Each structure stands twice: as C-alpha cells, then as structure tokens.
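Bear in mind these aren't lab numbers, they're just calculated from the coordinates by the rules spelled out. Remember, predicted model here, so these are calculated numbers, not experimental data. A quick note on method: Cβ atoms are made from the backbone with ideal geometry, for glycine too, and the neighbour counts reach across all protein chains shown.
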Amino acid sequence: MFSFVARQAIFDANMNTVGYELLFRDSMTNRFPDVTPEYATAQIIVEQFLGSPLGRLKEYSAIFVNFPYELLVQGMAETLPKDRVIVEILETAKPTPLLLHTVKQLSAHGFRLALDDFEPGDAWNDFLPYINIIKFDVRVNTPEEISSYIKDKGTLLKDTVFLAEKVETQNEYECFKNIGCTLFQGHFFSRPVIHSANKLIQNQAITLRLMKEVNADSPDFSKIEALLKQDLALSFKIMRYAQNIVFNARGIKHIRSQSLKDIIFYLGTNELRRFVLVSCLTSVNKDETDDIYRQSLIRAKFCELASAHSISRHSADDAFIVGLFSQLDSIFEMPMADLISQIDISANVMLALREKKGALYPYLRLIELYEQHQWEEVSALGHRLCFNRSMIAELVNTATKWTDDIPSDSL
C-alpha cells in the first residue's frame, strides 16, 4: 500500500525554497479527493509524520499543514514537531473564543501559525498577536486591498510575515513583493508535485478496541500495551508520536530507552486518547494484512518469549521490539538505519536492528533460521542459547498461536 501527498514549494523574495505545503492526495491524480478536511489532515498527520519516514521532508525548516477548526480545538496540532511544522488555520475556521484559546496555547508552546486564504477585515483582530504568517489569495484580494489592510493594522502586524499564494505570473510576483509580501506560492514558482511512499497498514479491529480501552473511565495501561503489541503499524506510529510529544514538551530530540510500556506511562491518558483518535480517523482501509506483518508479529512474540526463557534474561520488551521492527526496511524499502533514527529505541535494540549484533540479535537470528528451515544452524544457535529443538518449536508454536488469535479487520 502507498501513501500519497502533494508538496507545493514556498519561496522567499529571492526565489529560494524555504518550505512546503503538504496537500493530501489519495492517488497520483493531482487534485483534492472527495473527503472531509478533517480526514485529509488526519491522513497527513498519520502518513507523513507517524507512519511513513519523513525522508526529504526533514531537510526543510517550514512544513505547512492545513488544520480545520475541529482538529485544532481537539489539540491535534500539538502531535506534530513544532520545530518543523507551521500550523495553517483553514479559511473555513470561525474565530471563536475556543479557537483563540487554542491558538494562544499553540503560540505559547512554540508553534508557528498561519492564517490561510485570509480575508482582510476585523474578525481576526484578537488572533493577530499570535499569528506568524498571513496568506493572501491573490486571485481573490487585489494588491490595493492587501496593502490597505497591512497599513491599517499597523503595529498589530509588525512581526507578521505576508505570503502571496496562487501567484501565476512574473508581474504578480513583482507587484505583491512591492506591497510587502516576502513569501510566495503558486504555479509561477512551482506546481504541486505528488510523492508516493509505502505505508504501514494498521489493524482496524485492534484500533477500535484500543479506542474503547483508552476511553474507559479507568484505562488499563497493561491492556493498552497488549493491544499495541498486536499491531506493527500502531507500535511504530506511537513511537514516532511520543518522540514529537517529548520534543514539544522538553526540547529533547531523542531518548534511547523507551519501551512501549515506558511510552504509555509517559504519554498518559489524555495523550493516548489523542493518538488513538487520529489513528481511528484514518483507520478505514479494508486491505488484508500482508504476510510480512504476520511474520513480524510472530518474530516479535518469539523473541520476547525466548528472551524471557533464556538464562541471561535480557529485556523481553526490547526483544519484542527487535522482532516486531525486524522487517521495516522491507516494508518501506529503505535502509534500516534511516528508519530507526526516527524513533526512540534502546541501544540494544538499535544494535540488533542496525548492526545485526549485540545480546538481542541471536533471538531474531534464531527465528529467521527457523523460518528458512536451516535446521543445523537452528540447533547450533539454539545450543548456544541453551534451547533444544523441541523448546524452540514450542516457542514458535506459542508465538504463532498468539499472532493467529489477534482479531482481523473483518471482525
């Protein structure tokens, strides 16, 4: 399965690229699909910031993401990295007291905000001290209207940057540059370019069970952990999500010791609910789970069980993650080192996945050899780990049954 996004470049007055606006697409057809703004933004969040690796996206300091009113007041903007994202308030949003409170909070937390397709007037006056960028649609507003508005508001806009969008000619670029616009977007500079990438498919039944659990009066974190461990996509996404939350709260880019259990307790009930909400908004795919997902889950459970039964007793949580993420490079068709750099995992997990070394790697190698029916190698490695063939087969059978007991999307 693929995710699709159109990226339209944003330029400064010297025609240097300073960022991109992300536009949701559901195919290589370059037009907005027939979906709600809420669904489109939720897909952008999940597919571009949680599910798919950022890739070239991380090279640019400004990533404009459209937010409709409902997702803003639900706090969804705070799930994104504030050092990269500019929160773009859609023109359909109403300037209510609740939205003003949300905007003040986002600004106080270090987010940059933009007003999209802004219509000059007084309705948004209370918001202006917290707005970093105002985007004017040059197909709707004349240079005279924009210039008059900028002069009229004076000190209210002294720190505001003005962006002219839908610029289509050299003359328009020069005209709006002369009245104070310093950022530009439009077909004169660059048309939206669609990019596709492999994406993780989450189990809809697990997602819905997770939604029910996190919204209980007293959520059971152990049950939440158990549900997350049954889904490769949700496990990877919540690690990416937690990294954003940790950075936004503490300015810390990477923490190398987080298990799923650690993440659940760190996030707490409210953040878990927000993560599951955005996951549910995008959990509408009916495609069958690929064999590689099932194999990854079997590997994860096997590594966890083998670690727990071994004499050395390495972290079973870390061993589970080694097995679960062991095929991310095949799923995304990207180097493993690039993928695991975008999540917070322990040094032992990183060593096993990236270098195929360390205390945890033998468990993964053992299940790989078992899958390949390399029985002599299975026996030799099993002997080193103090497992005989029958013990290994029993662990594999237990891991397989655990995986097969996970509810399918058809339930």
How many times 2.2 N^0.38 Å is the alpha carbon radius of gyration of the stretch 291-404? 0.99
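Quick check on the exposure proxy: order Leu227, Leu90 from fewest to most C-beta atoms within 10 angstrom.
Going from least to most buried by this count: Leu90, Leu227.
Say the cut-off is 28 Å between C-alpha atoms; which of Lys212/Lys261; Lys94/Lys153; Lys301/Lys357; Lys212/Lys237; Lys82/Lys151; Lys223/Lys301 go over it?
Lys82/Lys151
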I need Ser259, Ser312 ordered by Cβ neighbour count within 10 Å, fewest first. Ser312, Ser259
Using the number of other C-beta atoms within 10 angstrom as an exposure proxy, rank Asp318, Asp404, Asp117, Asp83 with the fewest first. Asp404, Asp83, Asp117, Asp318
To check my understanding: the extent here is largest minus smallest coordinate of the Cα atoms along each principal axis. What are those three numbers for the stretch 309-354, in Å, largest first? 35, 17, 13
Stretched out fully, how many nm does the piece from Ala393 to Ile179 gain, at 0.36 nm a residue minus the Cα gap? 69.6 nm
Here, chymotrypsin sites (Phe, Trp or Tyr not before Pro) of the stretch 143-174 satisfying both criteria (DSSP loop; at most 14 other Cβ within 10 Å) are none
